[in-house]
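Student: Below is the structure I would like to discuss, written out as structure tokens.
The values are calculated or read from the model by the stated rules, or taken from the named source; none is laboratory data. Since the structure is predicted, the reported quantities are computational estimates derived from the model, not experimental observations. Backbone-built Cβ (ideal geometry, glycine too); neighbour counts: all protein chains shown. Keep in mind that these areas ignore ligands, DNA and RNA; they rest on the heavy atoms of the full protein, side chains included. Shrake-Rupley method; radii C 1.70, N 1.55, O 1.52, S 1.80 Å.
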Amino acid sequence: RLWTHDNYGENLIINPRGGGIYRWVENNGTSTRAVALSDVTGANLVPTLALQVITSEVDRHLIVLGADPISGSARSGVVDPMLIAFSDQENELEFEPLITNSAGSLRLSSGSKIVGAVKSRQEIVVFTDTSLYSMQFVGPPFTFAVNLINEGAGLIGPKGAITTDSGIYFMSYGSFYLYNGSVQKLPCTVLNYVFSDLNVGQAYKIHAFSNSENNEI
């Protein structure tokens, strides 16, 4: 399984892709286990499934990518692979959209599923299988603005992107790219070697990382 995790204050939010969302509370110590966020006292319409969790640190929202949508007075229990749900500000347990809070959701349109997301300066970059979006906090009444940056260069796997000082490097189907405000295809001397013998059925095993000592991705 592929896991994502992110800090929410001193606590840790954890998610196995396609599975539940869990919270480990730092004050309880390392002898305690993470528990399902939707089971925590005070939780209200917290997504029960997700493809990835990530926090918007400056404005303190918990963002759930590929959440199960609200159905009546509960969550549906079925992942919507293009839905982004976000909590109320400073409260990772409140996901019911109300005029008195900043919780809400939005649905991406380009692509068939959210593959992954990474943080970069004042934005969260969200990748689908075909496109790249910039998600930024704008405050009420919309909370977040999501702008389509590029179509045709999706992410090959959830771990196939890495943030560096010079931008976000990511691997798509057929090429490598850099995003630093715009998307640029990278020249690569091993491009044919990599893609001519790649089993795309195993693409979710691909991981990007930075080797800063040798100035490499």
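Student: Over the chain, with a Gaussian network built from C-alpha contacts below 10 Å, which listed residue (GLY174, GLY104, GLY18) shows the highest mean-square fluctuation?
Tutor: It is GLY174.
Student: Still on this structure, I have one more. Expressed as a whole percentage, what fraction of the accessible surface of segment 1-79 belongs to carbon and sulfur atoms when a 1.4 Å probe is rolled over the protein heavy atoms?
Tutor: Details: 1870 of 3880 Å².
Here it works out to 48 percent.
Student: Would you kindly state how much longer the chain becomes between SER73 and ASN180 on full extension, computed as 0.36 nm times their sequence separation minus their alpha carbon distance, in nm to one decimal?
Tutor: Answer, rounded to one decimal: 34.4 nm.
Student: Still on this structure, I have one more. In terms of Cα to Cα distance under 19 Å, which aspartates and glutamates are near enough to LYS185, apart from those fewer than 8 places away along the same chain?
Tutor: Those aspartates and glutamates meeting the cut-off are ASP129, GLU151, ASP165, GLU216.
Student: Is it possible to state the helix-based mean residue ellipticity at 222 nm for the chain, with each DSSP H run of 4+ residues giving -39500 (n - 2.57), the sum divided by total residues, to the nearest 500 deg cm²/dmol? What is it? The partial results should precede the final answer.
Tutor: Working: 1 runs with 5 residues, N = 217.
It comes out at -500 deg cm²/dmol, rounded to the nearest 500.
Student: Determine ³J(HN,Hα), in whole Hz, for all residues of segment 131-138 in sequence, where each value follows from phi through the Karplus function 6.51 cos²θ - 1.76 cosθ + 1.60 and θ = phi - 60°; x replaces Gly and Pro.
Tutor: 8, 10, 10, 9, 10, 10, 6, 10
Student: Please identify every one of the chymotrypsin sites (Phe, Trp or Tyr not before Pro) in segment 47-154 that sits in a loop by DSSP and has no more than 10 other beta carbons within 10 Å of its own beta carbon.
Tutor: Values: sites: PHE86, PHE95, PHE127, TYR133, PHE137, PHE142, PHE144; in loops: PHE95, PHE142.
When the chymotrypsin sites (Phe, Trp or Tyr not before Pro) of segment 47-154 are filtered for loop state and at most 10 Cβ neighbours within 10 Å, nothing remains.
Student: Then there is this: Could I have the simple spin-label model distance between GLU26 and ASP197, label points 7 Å from Cα toward Cβ, reported in nm to one decimal?
Tutor: According to this spin-label approximation, the distance is 4.6 nm.
Student: Name the residue, out of GLU26, GLU57, GLU90, whose mean-square fluctuation peaks in a Gaussian network model built on the chain with Cα pairs under 10 Å.
Tutor: Most flexible of the set in this elastic network: GLU26.
Student: Sequence neighbours fewer than 8 away in the same chain don't count; with that in mind, list the lysines whose C-alpha is under 19 Å from LYS113.
Tutor: Those lysines meeting the cut-off are LYS159, LYS205.
Student: How large, in percent, is the carbon and sulfur part of the accessible surface of segment 145-203 at a probe radius of 1.4 Å?
Tutor: Numbers: 1590 of 3250 Å².
Answer for segment 145-203: carbon and sulfur cover 49 percent of the accessible area.
Student: So with the 1.4 Å probe, I'd like the accessible area per residue for the chain, rounded to whole Å². Can you show the working numbers first?
Tutor: On the way: 11310 Å² over 217 residues.
Value returned for the chain: 52 Å² of accessible area per residue.
Student: Let me ask you something else. Tabulate in residue order the Karplus-calculated ³J(HN,Hα) for segment 111-120, using 6.51 cos²θ - 1.76 cosθ + 1.60 with θ = phi - 60°, rounded to whole Hz; enter x for Gly and Pro.
Tutor: x, 10, 6, 6, 8, x, 8, 9, 8, 7
Student: What's the FRET efficiency of THR41 with GLN136 using the Cβ-Cβ distance as r and R₀ = 25 Å, to the nearest 0.05? The partial results should precede the final answer.
Tutor: On the way: r = 32 Å, r/R0 = 1.29.
After rounding, the FRET efficiency stands at 0.20.
Student: Between GLU151 and ARG33, with labels modelled 7 Å along Cα→Cβ, what's the label distance in nm to one decimal, could you check?
Tutor: 4.6
Student: For the chain, modelled as a Gaussian network with Cα springs under 10 Å, which listed residue fluctuates most, LEU37, LEU155, LEU191?
Tutor: LEU191
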